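Just so it is clear, none of the values below were taken in a lab; they were calculated from the coordinates. Everything quoted here is computed from the prediction, not taken from an experiment. We place every Cβ from the backbone using ideal geometry, glycine too, and count neighbours over all the protein chains shown.
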Amino acid sequence: MKIAIASGKGGTGKTTLSVNLSAYLAEDEEIVLSDLDVEEPNSGLFINARMVHEEEKYKMVPEWKEDQCTLCGICQEVCNFHAVIQLGEMIMVFPELCHGCYACSELCPTDALPMIPKKMGMLKHLQNDKLSFIESRLDVGEEQAVPLIKQSQDYIDEHFTDDILRIYDSPPGTSCPVIEATKDADFVILVTEPTPFGLHDLKIAVETMKELKKPFGVVVNRHGIGNDGVLRYCEDKDIPVLAKIPNDRKIAELYSEGKLIYNEVPEVKQELDKIIAYLRTLKQGGVQ
Amino acid sequence: MKIAFTTKGTEWDSMMDPRFGRTEFFLIYDEENDELKPHDNRSSSNDAHGAGPKTAQVLFGLDPKVLITGNGPGGNAASVLKKARIDIYVGAGDMTVKEAWEAYKEGKLKKF
Amino acid sequence: MKEIVVISGKGGTGKTSITASFAFLGGADVIVADCDVDAADMHLLLQPDFARGEDFYSGELAKIHPDNCTQCGKCAEVCRFEAISVIDGMHTVDPLSCEGCGYCARICPTNAIENLSMNVGKWYISSIKTGSLMVHARLGIGADNSGKLVAKVKNEAKRLAEETNKDYIIVDGSPGIGCPVVSSLSGASFVVLVTEPSVSGLHDLKRVYELVKKFNLKAGCIINKSDINEKVTQEIEAFLREENILHIVNLPYDEQFTKAMTNGQTIIESDTNGLKQMIVDSWSKIKLTIN
Ligand code: SF4
Ligand code: SF4
Ligand code: SF4
Ligand code: SF4
């Protein structure tokens, strides 16, 4: 089963939930946690594990072969992303802008733009007993998160069997990277805060999940601050609220030190138990 | 020699535009015949991140030797300008075009 | 006219509450731009009237016209994004997967594919309760946040500020380190970094400051919730000294942030203790630095 943990915006506790839930589950069973927020992966700061494997990740971009080029200008014309331009007698390629569509390469009449691999980031595979942690990090300046997210998921599919529970810490927001990170998930947990900001962002996240036709539930973080707007909204819309993690300065302090919280704050453990119970009923209900 | 400025208007008294990729205008000053010619770049001002290289390509077509601007171009645009052998001077974002020109002549602007 | 851009790397640092408070203090002298288009929240504090709205188009999306299509399959062959599949015997584009590269349309032998401009969201100009105007936007679901909508919001704010002779534009910047934040920073006179003393806060601050440095911009930093972790706060302060970043203020961990937000207010309107004064002082400090 694949569970994506997402939120309408950053800073709602998505990473906190991902790492604590994964570490807690991993006390009894094998778990794969993957940080798919490849632009700013943070989960790794909370996980103590040993590196088992590291690899460079590549995307395909064109490379100009000067001696074969007739300067016909077709490549510049067909690239919708301004990633290849003609400058006098020169063709310049901007790998960070390239979406890897192959149009310039395949439409070049003289094969002067073969596609070559170019590094876009690093994938790390770490292990701590039953917890496997996969983190991918996009190189600074790279602009397409989607291909790296996809390759990280492929890596997991190749290295772990289907019966192992996978938890994806998704990027925030509602744009393409989020879609990529959640579209294969069997269930999505939306994390939010019980405030007007939280409610507003939750509504957008809910719309996104409806668009993707994904089953989802909500976890309220910092329960006790703000107002009851989020809970009322969930009740109105028949959205299951899986857990309410209390508002506690202690949690903020532990988080600031990069520590796991469920062992220090008993209420958090209880709430994690509720989420786990819910996930089990899903599994029995036939969600693979 | 031709000198390009990133500007918000088309006169010597216009303000400089601190941006490169999304600058509103280029003003091209031709020292030889003391001519000031504007180039309208506003169509790219709403462009995405790829605005830099595209604008650099436009500037290449205008054929200046020197570019005077504010913050300096991003990495991609900078590499185009380097290939095009255009020298870049930065730090003139808060000036008028005239002030920027004088600061350049007096060697007060930083080379990028 | 000066442009002040507030950014924070990741969310949850109180960036929007602080930005809205500055906007409130600046009152009629300030045009506000909400460039956090992926999760725009500032309107919840500044109560815009959504008076003028316009759709925003950017990028392309392929559409196959079945009448002209011979089902030859060439488009699906060249598409690298698995966006074209055969549904009920018809070649069909999945809009969520299509990258808008335009390759399929170029090679379709019967010109059956059209590149539609993609509606990626909507932007607005509103009157707000500070007696000024705000430019804001809403990115569509699954849209590519390439920074174009952010650029649009900023350009409109600039145009308004010039037309109405305002002294300042205050920008609530986008998160992350990608194109949207680059677009938010473009043309800034001063950058305010809002951070919090956590391991991830420091990590994000350093990453996002790399960008600020690349653009040669002057910056100052507000450390929010500074008493949550004294040790990391000190590390951040050391980083600020090292990089010559103006240390604007340390704010305490204070639930007043949330309380004000819950009432739809900025901290300036709702606070009774010292927090308000600290933000008033910060705003004066920023103004002093840039003028
Ligand atoms: S399409 Fe090929 S031959 Fe034509 S300009 Fe580009 S690289 Fe050169
Ligand atoms: S592969 Fe596509 S995106 Fe990349 S440079 Fe060529 S045409 Fe542009
Ligand atoms: S290439 Fe054109 S004609 Fe062929 S299947 Fe695609 S849309 Fe139809
Ligand atoms: S525009 Fe590009 S991504 Fe979209 S369907 Fe056509 S080939 Fe595929």
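Quick notes on this structure:
- Segment A:169-264 shape via C-alpha gyration tensor axes, a/c threshold 1.5: oblate
- Overall, the ratio between the Cα radius of gyration of chain A and 2.2 N^0.38 Å, rounded to two decimals, is 1.15.
- Computed lengthening from residue A:119 to residue A:186, 0.36 nm per intervening residue step minus Cα-Cα distance: 21.1 nm
- Within segment B:2-111, all pairs of alpha-carbon atoms sorted by distance into 10 Å bins from zero give the percentages 17, 55, 27, 1.
- For segment C:96-154, the percent of C-alpha pairs falling in each 10 Å distance bin, counted from 0 to the bin holding the largest distance, reads 18, 35, 25, 14, 6, 2.
- Lys, Arg +1 and Asp, Glu -1 on Cβ, resulting dipole of the protein assembly as shown about Cα centre, debye, nearest 20: 800
- Partner chain coverage, peptide C:86-98 - average Cβ within 10 angstrom: 1
- Other protein chain Cβ atoms within 10 Å, averaged over every residue that makes up C:173-179: 6
- Put a plus charge on the Cβ of each Lys and Arg, a minus charge on the Cβ of each Asp and Glu, and nothing anywhere else: the dipole of segment A:180-288 about its Cα centre is then about 220 debye.
- Neighbour net charge for residue C:54 - beta-carbon separation under 11 angstrom, K R +1, D E -1: +1
- Simple point charges give the picture: +1 on the Cβ of Lys and Arg, -1 on the Cβ of Asp and Glu, and for segment C:188-291 a dipole about the Cα centre of about 420 debye.
- Between the Cα long axis of helix A:14-25 and the first principal axis of chain A there is an angle of about 70°, rounded to the nearest 10.
- Look at where the Cα atoms of segment C:117-144 and of segment A:106-130 average out, and the two centres are 36 Å apart.
- Residue-averaged [θ]222 nm for chain A, counting only DSSP H segments that reach four residues, each worth -39500 (n - 2.57): -10000 deg cm²/dmol
- Taking amide H atoms as placed 1.01 Å from N in the peptide plane, the amide H of residue A:87 lies under 5 Å from those of A:92, each 5 or more residues away in sequence or on another chain.
- Segment C:225-270 pair-distance distribution - Cα-Cα, 10 Å bins, rounded %: 25, 37, 28, 11
- For residues of A:252-262, the mean tally of beta carbons on other chains within 10 Å: 5
- Mean-position separation - Cα centroids, segment A:24-83 and segment B:63-112, in angstrom: 34
- Mean ellipticity per residue at 222 nm, deg cm²/dmol - from DSSP H runs of n ≥ 4 across chain C, formula -39500 (n - 2.57): -10500 deg cm²/dmol
- Computed from Cα atoms, the angle from the helix A:145-159 axis to the main principal axis of chain A rounds to 70 degrees.
- Shape of chain C from the C-alpha gyration tensor: prolate (a/c of 1.5 or more and a/b above b/c, with a ≥ b ≥ c the square roots of its eigenvalues).
- Comparing C:137, C:165, A:68 along the charge dipole axis of the protein assembly as shown, the residue lying farthest to the positive side is C:165, per the Cβ-charge model.
- With the gyration tensor restricted to C-alpha atoms of segment C:185-291, the semi-axes of the equivalent ellipsoid amount to 24, 18, 12 Å, longest first.
- Highest mean packing first, where packing is the average number of other Cβ atoms within 10 Å per residue, the peptides A:21-30, C:27-36 line up as C:27-36, A:21-30.
- Cα-based equivalent ellipsoid, segment A:64-113: semi-axes from gyration tensor eigenvalues, Å: 16, 12, 9
- Based on alpha carbons, the Rg and Dmax found for the protein assembly as shown are 25.6, 83 Å.
- Projecting the Cα atoms of A:93, A:167, A:24 onto the dipole axis of chain A, where Lys and Arg carry +1 and Asp and Glu carry -1 at the beta carbon, places A:24 farthest toward the positive end.
- Euclidean distance between Cα centres, segment C:71-89 to segment C:217-264, Å: 52
- Taking Cα atoms only, the orientation of helix A:196-212 departs from the longest principal axis of chain A by about 60 degrees.
- Value of relative contact order over segment B:2-111, rounded to a whole percent, pairs C-alpha under 8 Å and six or more apart: 30
- Mean separation of Cα contacts under 8 Å (6+ apart) over length of chain C, as relative contact order %: 27
- Dipole axis of chain A (+1 Lys, Arg; -1 Asp, Glu on Cβ), positive-most option in A:52, A:38, A:6: A:6
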